[in-house]
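Data block below; observations after.
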Amino acid sequence: MANNKLSVKFEMSFADKSKRVGGYDSMIIQVQDEDLTIHKDGSIVADNNILYPKLVHHSQFAAVRLRERLHHADWTLTNDITTLWELAMMHDCEVCRSGAARADRYMRATGTAVVVGQLYWLHPEDYQ
Ligand SMILES: [Zn+2]
């Protein structure tokens, strides 16, 4: 798996485009075997029918936990550690940094991919 550089983007919208973004957070999800199909030639394909709804659920769960409402979310399936750090450090805070560091260690130890979510929150004045 480590020899194949993997980067697949999943984009989802939760609000009308006319509404504003009021903030953002990143989150990182481990990939399960069922999320991917590995072909005989070694190529890896994300099973969108499984992964996409799962990522919608993770987005909504994070919004509830953080008392936010979703504007949109961009998720990237990647096994590249540079990409992980670029996407996960949406703001330079301790929570983002420790999450990225944990995922970095996990990826180096297992050689596997993670999915990095970039969650954009709806501006409170645009809740209506
Ligand atoms: Zn942060």
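The values are calculated or read from the model by the stated rules, or taken from the named source; none is laboratory data. Please read all numbers here as calculations on a predicted model, not as lab measurements. Virtual Cβ from ideal backbone geometry, glycine too; neighbours counted across all protein chains shown.
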## Note on the structure
Being modelled with pLDDT under 95 and either buried (at least 16 other Cβ atoms within 10 Å of the Cβ) or under 22 Å from ALA88 (Cα atoms) (or both) narrows MET27, MET1, MET12 down to just MET1
### Task
Looking only at the range 109-121, decide whether some residue is assigned to a loop (DSSP other than H, G, I, E, B), over 14 Å from the mean Cα position of the chain (by Cα), of a type in the set (A, V, I, L, M, F, W, C) and modelled with pLDDT under 95.
no
### Task
Could you name every one of the strands (runs of 3 or more DSSP E) located completely within the range 1-65 that has at least 1 residues being away from the ligand (no atom under 16 Å from the Cβ), over 23 Å from TRP85 (Cα atoms) and touching a residue at least 12 places away in the same chain (Cβ under 8 Å)?
7-13, 36-38
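In a helix (DSSP H, G or I) and among the small types (Gly, Ala, Ser), is that true of ALA100?
Working: in a helix (DSSP H, G or I): yes; among the small types (Gly, Ala, Ser): yes.
The answer is yes for ALA100.
Counting just the residues of the range 72-99 that are in contact with a strand residue (DSSP E or B) (Cβ under 7 Å, 6 or more places away or on another chain) and among the hydrophobic types (A, V, I, L, M, F, W, C), which one comes out nearest to the ligand (Cβ to nearest atom)? Break it down into steps so the answer makes sense when it comes.
Taking the range 72-99 as the starting set, the residues that turn out to be in contact with a strand residue (DSSP E or B) (Cβ under 7 Å, 6 or more places away or on another chain) are 72-78, 80, 83-84, 87-88, 90, 96, 99.
Subset that is among the hydrophobic types (A, V, I, L, M, F, W, C): 73, 75, 77, 84, 87-88, 90, 96.
Details: ALA73: 15, TRP75: 17, LEU77: 21, LEU84: 14, LEU87: 12, ALA88: 9, MET90: 6, CYS96: 3 Å.
Across the range 72-99, the extreme among qualifying residues is CYS96.
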### Task
Mind listing whichever residues of the range 30-61 are polar (S, T, N, Q), modelled with pLDDT of 95 or more and within 11 Å of the chain's Cα centre (by Cα)?
SER59
